[in-house]
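Chemist: One structure, pasted below without further comment.
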Amino acid sequence: MKRWMWLTLAAVVVVAAAVTLVALPKQPDWTSDSPEAVAAFQAGMDAEMKVYYEDAWRNFQRAVELDPDFVVANLIAIKTYRDDEGKRDALWSKVESADVTLLTPRERFYVERAKALHEEQPEEAQRLLDDYLAKYPNDPYILNQKAQETWSRGDLEDAERLYQRLVDIAPNWVIAYNQLGYINMMKGRFAEAEEYFKSYRFIAPDQANPHDSLGELFITQGRYDEAKESLEKAIEIKPDFWAAYQHLVLMQAFSGDIDGSHETIELARGAGVPEPVLTSMECLDRYTMLRNQEAWQEIVDEGDSSCVSGFKEGYSTVTTHFAACKLGDFERAMEIEVETANLIEKVGEHGNEKDLMTLRGAFLHMQGVRLALQGDYAGAEEKLRAADEGLTYVEAGVGMYKLFNRMILAEVLLADRQDAEAHGLLSNVRSVNPVLVAEFEDSGLRNLGLDRM
């Protein structure tokens, strides 16, 4: 079975901290003869609720070691063995052969739904989810699962409704506040997003993630001092919380603090942040520096680097495309566009809608940049507007990219003598992040360097 399918199967168990359950079957949550295994499993759930995934995975594996017949622990542990197909197969065999009559209703649901997904029966999997929630509407574990899947499909309205219901029935289910914050960011409702993130921080001040999420919001809004304070607090709480390092490097690189970016990367290295994450930060740092220096030829010359190959670090790829266009190497630019289109098709086979949305936005943006520098302002406007419609403020990196795309669109509109439209668009960007617009104005409203028609 493909690795992504194993991860999908494992994801049917969405875990979080224990809360008081309302209107649920009056049985123990999990079926195991080993109290120690249940404790390890619960510790994994607590860690996953905090977005401490490596801690969670260690505990899930420990639960299986303590009780090899712990069915749900076997199921969720599948995703912790990404590079060990034999171990995944062995865990799935235990799940598949389990006597579900000995399990709680929730556990039976997990197993039956996993089997439906394994047999590639998405309609049956959806039916099982809907039927379970119809019978147990106040089970936060399964309500959270449905909310997450709805979010991944890009159905923000329904996801918001589900997460709000989760908050209503389980106020201490803190990750729901996080997701509601991001949904409001995606919709451009920044004040509401801030309220949700601050509620999250109030309930869980000793966890890293609420501070990190607030930091992302502050970056998007150009509130860099507040972002730095919040992200550094996340790192203080959990020194190996790698997302906070990534967001700190993003902010420092984009704001021109290259020395600070270098320091953060070294701190991350010392904290044991995984090598692929370090590489991603180093790529962002380097390509931002080269772009600020307008070192277009050097960027293109590095086009086969690990940063660019296969869209591994999106900013590096988009920057390479931008540099090729600036040099008039439109053949190379179109090669990158074709590679991105192929990636979109591949991700579309098993990726979530949020990832696809970002990739499509990048693809349309790159087409718009090329058309603008080829002098086709009308074509560029069409592509850049389509990119804007697809991109959201879902997280700091994508949010900043959306704002940058809007500034490129404003420059195209100015070049096409649509001045009122351009300044209206810049006013909108200013209402989100005034710092970016001030920098754009200091450059003479010229990122691409277009000539007016």
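Chemist: For segment 199-211, what are the residues that are part of a helix (DSSP H, G or I) and in contact (Cβ under 8 Å) with a residue 40 or more places away in the chain? First the steps, then the outcome.
Modeler: Here is the first cut: in segment 199-211, the residues part of a helix (DSSP H, G or I) are 199-203, 208-211.
208, 209, listed by residue number.
Chemist: Could I ask something else about it? Given the condition outside any helix (DSSP H, G or I), at negative phi and open to solvent by less than 30 Å² (accessible area, probe 1.4 Å), answer yes or no: does some residue in segment 172-180 qualify?
Modeler: To start, the set of residues in segment 172-180 that are outside any helix (DSSP H, G or I) comprises 172-174.
Still in the running and at negative phi: 172-174.
Those still in the list that are open to solvent by less than 30 Å² (accessible area, probe 1.4 Å) too: 173-174.
Scanning segment 172-180, I find at least one residue that is outside any helix (DSSP H, G or I), at negative phi and open to solvent by less than 30 Å² (accessible area, probe 1.4 Å), so the answer is yes.
Chemist: Would you check which residues across segment 378-404 are over 21 Å from the mean Cα position of the chain (by Cα) and open to solvent by less than 20 Å² (accessible area, probe 1.4 Å) and list them?
Modeler: 379, 380, 384
Chemist: Report, by residue number, each residue of segment 159-187 that is more than 17 Å from residue 214 (Cβ to Cβ), among the aliphatic types (A, V, I, L, M) and touching a residue at least 60 places away in the same chain (Cβ under 8 Å). Spell out how you get there, then give the answer.
Modeler: Here is the first cut: in segment 159-187, the residues more than 17 Å from residue 214 (Cβ to Cβ) are 159-173, 187.
Now narrow it down to the ones that are among the aliphatic types (A, V, I, L, M): 159, 162, 166-167, 169-170.
Scanning segment 159-187 gives 169, 170.
Chemist: Let me confirm something: among 163, 196, which residue is more than 24 Å from residue 400 (Cα to Cα) and crowded, with 24+ Cβ neighbours inside 10 Å?
Modeler: Working: 196 fails: more than 24 Å from residue 400 (Cα to Cα).
Residue meeting the stated conditions: 163.
Chemist: Limited to segment 219-247, what total is found for residues that are among the hydrophobic types (A, V, I, L, M, F, W, C), in a helix (DSSP H, G or I) and open to solvent by 10 Å² or more (accessible area, probe 1.4 Å)?
Modeler: Step one: filter segment 219-247 for residues among the hydrophobic types (A, V, I, L, M, F, W, C), giving 219, 227, 231, 234-235, 237, 241-244.
This time we only want the ones that are in a helix (DSSP H, G or I), so: 219, 227, 231, 234-235, 237, 242-244.
Add one more test, that the residue is open to solvent by 10 Å² or more (accessible area, probe 1.4 Å), and what stays is 235, 237, 242-243.
Residues in segment 219-247 being among the hydrophobic types (A, V, I, L, M, F, W, C), in a helix (DSSP H, G or I) and open to solvent by 10 Å² or more (accessible area, probe 1.4 Å): 4 in total.
Chemist: Since residue 438 meets every condition but one in (1) more than 24 Å from residue 190 (Cβ to Cβ); (2) open to solvent by 40 Å² or more (accessible area, probe 1.4 Å), which condition does it not meet?
Modeler: With respect to (1) more than 24 Å from residue 190 (Cβ to Cβ); (2) open to solvent by 40 Å² or more (accessible area, probe 1.4 Å), residue 438 is out only on (1).
Chemist: Further, regarding this structure: Residues of segment 411-420 being among the acidic types (Asp, Glu), in a helix (DSSP H, G or I) and more than 32 Å from the chain's Cα centre (by Cα), which ones?
Modeler: The initial filter retains those residues of segment 411-420 that are among the acidic types (Asp, Glu), namely 411, 416, 419.
Next cut, in a helix (DSSP H, G or I) only: 411, 419.
Across segment 411-420, the qualifying residue is only 419.
The values are calculated or read from the model by the stated rules, or taken from the named source; none is laboratory data. Keep in mind it's a predicted model, so treat the numbers as computed, not measured. All Cβ positions, even for glycine, are placed from backbone atoms using ideal geometry, and neighbour counts span all protein chains on display. Side chains are part of the model used for accessible areas, which takes the heavy atoms of the whole protein and leaves out ligands, DNA and RNA. Shrake-Rupley method; radii C 1.70, N 1.55, O 1.52, S 1.80 Å.
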